[in-house]
Amino acid sequence: MKTTCGNMATIDTARAIIQPLSQLSSGGATIDMLRLDLIHPLISGNKWFKLRLNLEHARKQGYRTILTFGGAHSNHLLATAAACAAYGMEAIGIVRGLHGAAKETATLERCRQLHMHLHFVSRGVYRQKDDPAWLHALSQQYPDAWFVPEGGANQQGRTGAEEIASLIPAHYTHICGAVGSGTTLIGLRNKLPVRQKLFGFVPMKGGRYLEPLIRAHLISEQDHHWQLYDTWHFGGFGKTNKELDVFMEIFLQQEYIRLDPVYTGKMMFGVRAMQQQKLWPREAKVICIHSGGLRE
Ligand SMILES: *Cc1c(COP(=O)(O)O)cnc(C)c1O
């Protein structure tokens, strides 16, 4: 589907080609990659799918503004800023960490350029991001705004993510995706045929705490054949090391695909480790979702 927007690049889900990973596949299971990173330079990857129905809902309900939440490096914040600019809507970002306390990041600078209004709050205050009383107070301050939770983790986000399943052909046996809030994984599991096994790679330490949170949103008939891996966290969310950097560099040289160090780099490191350990059945047809996270 093509979405033409004001003076920005078109968002086109038809650009999400499937690319074989020939080096990674040699001598083992067949592993391909779904290039959601190609649909738009900023509103890339899974973020667009989680935002689209939010934007449409907000517009239909007469909201002029989208308000959302994120850290100073948040891909979701940037995607929201860009999507709002594309849709001709105002954007407000509630940013974790007081202004001045943290260094102004490239992400925040880009959000500002896209005219997102940034509202900084302390980490303590930010922790109330799902607290009805605080949200109520914020909605008094921004009465024109449709509120989207951190990571796009609401009903519109989960339903929007289901559209990614329609880009995955039926012959794939194993689907791999990187997990943050779990919203994308929920959409996928609720929509993909149950026989297609779904593996979520969580880039934080102890990331399997997400299991019950994900399960709570699954249709019960679909609550099968999915699993989280939190082995390849490299010290925790946002942390990286030389080994991961080298892996991503080699991956770029061999497969001509750039990965991001926060999500897809760790996922592909795990997928390769499983290939090396012969954990993928030889006849498996694996597809890994490139969920974006790159900057031009
Ligand atoms: C945000 C993001 C994710 C996590 O998606 P969730 O729906 O929050 O689980 C995965 N990969 C990339 C590149 C992201 O930017």
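The values are calculated or read from the model by the stated rules, or taken from the named source; none is laboratory data. What you are looking at is a predicted structure, and each value in this text was computed from that prediction instead of being measured. Cβ placement follows ideal geometry from the backbone for every residue including glycine, while neighbour counts extend to all protein chains displayed.
Just a few scattered comments:
- In region 124-170, the residues that are touching a strand residue (DSSP E or B) at 6+ places or on another chain (Cβ under 6 Å) and either within 10 Å of the ligand (Cβ to nearest atom) or over 22 Å from His217 (Cα atoms) (or both): Tyr126, Tyr142, Asp144, Ala145, Glu150
- For the condition free of Cβ contacts under 8 Å to residues at least 60 places away in the same chain, within 16 Å of the ligand (Cβ to nearest atom) and farther than 22 Å from Phe120 by Cα, Ile17 does not qualify.
- First in region 139-167 and free of Cβ contacts under 8 Å to residues at least 24 places away in the same chain, second anywhere and outside any helix (DSSP H, G or I) and more than 10 Å from the ligand (Cβ to nearest atom), Cβ under 9 Å, 6 or more apart: Ser139/Leu67; Ser139/Ala145; Ser139/Phe147; Gln141/His119; Gln155/His217
- Condition met for Thr68 (of a type in the set (Val, Ile, Thr) and out of contact with any helix residue (DSSP H, G or I) (no Cβ under 6 Å at 6 or more places or on another chain)): no
- Reported count of residues in region 164-175, each being in a loop (DSSP other than H, G, I, E, B) and of a type outside the set (Ser, Thr, Tyr), is 5.
- Residue check for Ile43: assigned to a strand (DSSP E or B), within 16 Å of the ligand (Cβ to nearest atom) and at pLDDT below 95: no
- Residues that are assigned to a loop (DSSP other than H, G, I, E, B) and near the ligand (Cβ under 9 Å from one of its atoms), drawn from region 176-225: Val179, Gly180, Ser181, Gly182, Val202, Pro203
- Test: residue in region 201-209 that is among the β-branched types (Val, Ile, Thr) and closer than 18 Å to Gly45 by Cβ: yes
- Search result, residues across region 11-26 that are touching a Lys or Arg at 6+ places or on another chain (Cβ under 9 Å) and not in a strand (DSSP E or B): Thr13, Ala14, Arg15, Ala16, Ile17, Leu24
- For region 272-291, taking the residues that are away from the ligand (no atom under 14 Å from the Cβ), surrounded by 15 or more Cβ atoms within 10 Å (Cβ to Cβ) and among the aliphatic types (A, V, I, L, M), the one that is nearest to Pro41 (Cα to Cα) is identified as Ile287.
- Given (1) of a type outside the set (Ser, Thr, Tyr); (2) touching a residue at least 40 places away in the same chain (Cβ under 8 Å); (3) away from the ligand (no atom under 11 Å from the Cβ), index of the condition Leu294 fails: (3)
- Screening Ser181 against (1) buried (at least 22 other Cβ atoms within 10 Å of the Cβ); (2) under 14 Å from the mean Cα position of the chain (by Cα) leaves a single unmet condition, (1).
- Pick from region 191-232, criterion surrounded by 13 or more Cβ atoms within 10 Å (Cβ to Cβ) and among the basic types (Lys, Arg), ranking: nearest to Met274 (Cα to Cα): Lys197
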